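The values are calculated or read from the model by the stated rules, or taken from the named source; none is laboratory data. Just so it is clear, the model here is predicted, and its values are computed rather than measured. Cβ coordinates were reconstructed from backbone atoms using ideal geometry, including for glycine residues, and neighbour counts include every protein chain displayed. Side chains included, ligands, DNA and RNA excluded: accessible areas come from the protein's heavy atoms. Shrake-Rupley method; radii C 1.70, N 1.55, O 1.52, S 1.80 Å.
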Amino acid sequence: MASKFNWCDILPFGLSILVTVVFGWSLYWFYKHYGPTHADLVSRYLKRIELRQMISLLVVSKGFFDTETTDNNTYLTYYPKLKIKVKHTTGQLLIEEPIGGEK
């Protein structure tokens, strides 16, 4: 007896993949194109997230942190606590960094 192939068996998988792709693309569009062109609460939040990511990448790339290596593990011993304030009306970015004698 030959098994019958039914398209209704794989339809939920195809629909879930389609919904995931459409949702991911719309979220990417919202993050990249909505934030820079608007001035409401959501766009300000998205801009702050992007600025925090850029500043943390700067801290890591310049090596402004200390690590300690034991037998098999590496531990982070110092990472600077930066305070970031964004004035959206003037476009100013204020960064407060600790003055503790560290790097």
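For the reader, a short list of remarks on this structure follows.
- Annotation: per residue accessible area for the chain equals 89 Å², rounded to a whole number [probe 1.4 Å, protein chains only].
- Carbon + sulfur, % of accessible area of the chain - ligands and nucleic acids excluded, 1.4 Å: 63
- Each Lys or Arg adds one and each Asp or Glu subtracts one; over the other residues with Cβ under 13 Å from the Cβ of ARG44, this totals +3.
- Ordering PHE64, LEU46, ILE99 by the projection of their Cα atoms onto the charge dipole of the chain, which places +1 on the Cβ of Lys and Arg and -1 on the Cβ of Asp and Glu, puts LEU46 at the extreme positive end.
- Counting lysine pairs in the chain whose alpha carbons fall under 26 angstrom apart, excluding pairs fewer than 8 residues apart on the same chain, gives 17.
- Shape of the chain, Cα gyration tensor, a/c cut at 1.5: oblate
- Computed over the range 4-103: relative contact order in percent, which uses C-alpha pairs under 8 Å that are six or more apart: 13
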